[in-house]
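These notes concern the structure reproduced below.
The values are calculated or read from the model by the stated rules, or taken from the named source; none is laboratory data. Remember, it's a predicted structure, so these values are computed and weren't measured experimentally. Calculation scope for accessible area: heavy atoms of the full protein, side chains included, ligands and nucleic acids excluded. Shrake-Rupley method; radii C 1.70, N 1.55, O 1.52, S 1.80 Å.
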Amino acid sequence: AGETSLNPVVAGIKNYIISKQNSNGGWGWSPTADPDSNMTSAGIMALISAGVSNSDPVIQSAVAFLKTMQNQDGGFKYDASDWGKISDAASDSWAISAIYAIGQNPSQWTKGTADPLVHLKSLQDSASGFFYHQEGGQETSFTPTETAYAIIALEGKFFPLNIVAPAQTFPF
């Protein structure tokens, strides 16, 4: 919203996010949940936008955790559960955006046979352009959201997408 990192609300949120980081460097969908790649990526982007440096141990720990979530196909799994072990477009997209947020190039994150950009692009439907959740998947109600995440990531963007300066005066 254009507030500086010195704003007490921004500082408070930043400190809250840091306080909820798991001992392995990741974040989960709730303060007590196991960490996952998506929330860890969101945490990285939030902290970077709040002024935390790439070299800060909090960010370095989160990046180390994110690297443990990368599969041999170059993509990212959601979490360590049996349900979340296969690379998927949403996890790839969130991780790619976080990698850009820390000033790195996702094409340098090669693991096994590919990097996350290659893996994400492999999930795109050649006829319609949308992104499948996982290899061999089909279009679902989540396809529009997952495709939006992929577009943001493949454009080299990360959250927040646009910081809007607060209005100094109101016109009324």
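Keeping all protein chains in the complex and leaving out DNA, RNA and ligands, what accessible area do you get for Y100 with a 1.4 Å probe, in Å² to the nearest 10?
Rounded to the nearest 10, that gives 60 Å².
Can you give the extra length, in nm with one decimal, that the chain gains between N15 and S141 once fully stretched, where that is 0.36 nm per residue apart less the Cα-Cα distance?
41.9 nm is the gain from fully extending N15 to S141.
With a 1.4 Å probe and every protein chain left in place, tell me how much accessible area D34 has, in Å² to the nearest 10.
The accessible area of D34 comes to roughly 130 Å².
For the chain, what D do you get in µm² per second when you plug the Kirkwood radius from alpha-carbon pairs into Stokes-Einstein at 10 °C and 1.306 mPa s?
95
Measure up K20/K67; K14/K77; K20/K157 against 22 Å on the Cα-Cα distance and list the ones that go over.
Table pairs above 22 Å Cα-Cα are K14/K77; K20/K157.
Taking just the alpha-carbon atoms of segment 1-55, what radius of gyration and Dmax come out, in angstrom?
Final numbers for Rg and Dmax: 11.3, 31 Å.
Compute, for T113, the solvent-accessible surface of its heavy atoms (probe 1.4 Å) with the complete set of protein chains present, and express it in square angstrom to the nearest 10.
130
Beyond 21 Å, what share of the Cα-Cα pairs of segment 22-101 is found? Please give it as a whole percent.
Tail fraction, whole percent: 18.
Can you give me the long-range amide H partners of K111? Hydrogens built in the peptide plane at 1.01 Å from N, cutoff under 5 Å, separation of 5 or more residues or another chain.
HN-HN under 5 Å from K111: G74.
Largest first, how would I48, I18 line up by accessible area (1.4 Å probe)?
Largest accessible area first, the list is I18, I48.
Could you put S122, S23 in order of accessible surface area, largest first, with the 1.4 Å probe and the full protein assembly present?
Greatest to least solvent exposure: S23, S122.
Between F130 and A33, what length comes free when the chain is fully extended (0.36 nm per residue of separation minus the Cα-Cα distance, one decimal in nm)?
31.9 nm
Where a ≥ b ≥ c are the square roots of the eigenvalues of the C-alpha gyration tensor, would you call segment 98-172 rounded, which needs a/c under 1.5, or, failing that, prolate if a/b is larger than b/c, or oblate?
The shape class here is oblate.
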